[in-house]
Amino acid sequence: MLYLSFMNMGKYSCSNCKRFYPPQPARWRCDCGSFLDLEFEPKFPIEKIVKRSPTLWRYREALPIHSNASVLSMNEGFTPLEEIELNGNRVLLKIDYLFPTGSYKDRGATVLVSKMKEWGVEKVVEDSSGNAGSAVAAYCAKAGIHCEVYVPQHTSPEKLVQIQAYGATLKKVEGSREKTAEKAMVAASKIPYASHCWNPFFLHGTKTFAFEVWEQMGWKTPDTLVLPIGHGTLFLGAYLGFKELKESGMIKRIPKMVGIQSASCAPLYQAFKKGWKETHPIQKKETIAEGIAIAEPVRGRQILESIRKTEGEVLAVTEREIKVTLKEMGRRGHFIEPTSAATIAGLKKYLRENRQKAKIISTLTGMGLKSAGKVL
Ligand SMILES: Cc1ncc(COP(=O)(O)O)c(C=O)c1O
Ligand SMILES: [Zn+2]
């Protein structure tokens, strides 16, 4: 087995109580109840990176998997960065619905499930609004790991079919997304929890969003990122990626982080507007943007911190704005999920208030076919 001996695989740390733990499959939160981060020192050998195939694994020395034999890859990542015009502004969109399972969640799943394989795990549990469950199920299928996925009863049926197609055991939960998470956590007392929001290895996959943008812009930093926030795994991953690039001396600053939420479920919008350090319970309403219908984001405190540190902001979009944008994007050749349309609706709002020459990056996170029924 080939080991990358230069790599330090890091330790788990708690930003709440400052405790440390060695990373291992059963550990998914701190004894104080808070989420954990993975402290790990990445490297960016550009001369090696540019010679590798166009997948997110080209940043190999920045990904915390010890052995190359553990890497589970379907040649994912290095998605196109497409320039489009929106209300007279030019913006760049990462086309992240072009991942093997049709959403950006593969960024996190390829790294997290590779780690599970490296640990010799035989079974995992995950809970999801559908896309993270599909992504984790797909990589588990590749690894031969049994996967149990908890989803809310009203998840788009296309996503439920997809999860089962990968051979995962589907557990539908009556009630909210929060109830679904509770059920999964009970299961996680016995089975390793491959949670996209709790497990820090997921963020060490989604951080490749930043590395790709940096490379595709000619090793430069954009001014602003406009990204969706549910649990914030892409948002925090992108922040982590740019933070690692800055700490390694590859770039000078981290872009302004602008988050988009559905007005029907906007705990971070509320907390940001009120100047809170943590999110607090909200009145959640039905939203077509099912991927960001998260009332209690696990890493709310961390998301708010990244927004404040970069002088960013949070915007909320209405159901009507999401639907109008979904149609518009279709007419531009992009059939996306309503959740992804919410991001672009937010981007339009941001551009209305911030007419400037800034280099702005946003993304299309999920394929429209995943919610075709709801869209119909
Ligand atoms: C298509 C799509 N976009 C964006 C998101 C938001 O991701 P997060 O909850 O990590 O912020 C999700 C989450 O499920 C999603 O499915
Ligand atoms: Zn702690």
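The values are calculated or read from the model by the stated rules, or taken from the named source; none is laboratory data. Nothing here was measured: the structure is a model prediction, and the numbers come from that model. Note that each Cβ is placed from the backbone with ideal geometry, even for glycine, and that neighbours are counted across all protein chains shown. All accessible areas refer to the heavy atoms of the entire protein, side chains included, with ligands and DNA or RNA removed. Shrake-Rupley method; radii C 1.70, N 1.55, O 1.52, S 1.80 Å.
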Item to check | Whole-Hz couplings from phi, Karplus 6.51/-1.76/1.60, listed for region 55-64; x for Gly and Pro | outcome: 10, 6, 6, 5, 9, 3, 6, 9, 10, x
Item to check | Total charge dipole magnitude, region 273-376, about the Cα centre, Cβ charges on Lys, Arg, Asp, Glu only, Debye to nearest 20 | outcome: 340 debye
Next on the checklist: Full-extension gain between residue 122 and residue 276, please, as 0.36 nm times their residue separation minus the C-alpha to C-alpha distance.
Outcome noted: 51.4 nm
Checklist entry - Mind checking the dipole of the chain: about its Cα centre, +1 per Lys or Arg Cβ, -1 per Asp or Glu Cβ, Debye to the nearest 20? => result 560 debye
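If I compute solvent accessible area with a 1.4 Å probe over the protein chains, what percent of it on the chain is carbon and sulfur?
That share works out to 51 percent.
Just want to confirm a number: the relative contact order over region 110-151, from Cα pairs under 8 angstrom separated by 6+ residues, in percent.
50 percent
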Checklist entry - Any idea what the relative contact order of region 251-336 is, in percent, if you count C-alpha pairs under 8 Å spaced at least 6 apart? => result 39 percent
Item to check | In region 1-96, the trypsin sites (Lys or Arg not before Pro) that fall in loop regions by DSSP, at most 10 other Cβ within 10 Å | outcome: 18, 51
Item to check | Net charge, residue 59 excluded, C-beta distance under 12 Å - Lys, Arg +1, Asp, Glu -1 | outcome: +3
Next on the checklist: List the residues, sorted by chain then number, that are 5 or more residues from residue 76 or on another chain and whose placed amide H is less than 5 Å from its amide H.
Outcome noted: 56
Item to check | Taking the chain and dividing mean pair separation by its residue count, relative contact order in percent (alpha carbons under 8 Å, at least six apart) | outcome: 16 percent
Checklist entry - Just how large is the dipole of region 125-225 about the Cα centre, in debye to the nearest 20, putting +1 at every Lys and Arg Cβ and -1 at every Asp and Glu Cβ? => result 220 debye
Checklist outcome for this item: Note to self, the chain gives a 222 nm [θ] from helices alone (DSSP H runs n ≥ 4, -39500 (n - 2.57) apiece, / all residues, nearest 500) of -10500 deg cm²/dmol
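If you count only protein heavy atoms with a 1.4 Å probe, what accessible area per residue comes out for the chain, rounded to a whole Å²?
Values: 15050 Å² over 376 residues.
That works out to 40 Å² for each residue.
Exceeding 28 Å between C-alpha atoms, which entries from my cross-link table qualify? They are 309/349; 142/348; 179/327; 172/277; 43/115.
Beyond 28 Å between Cα atoms: 142/348; 179/327; 172/277.
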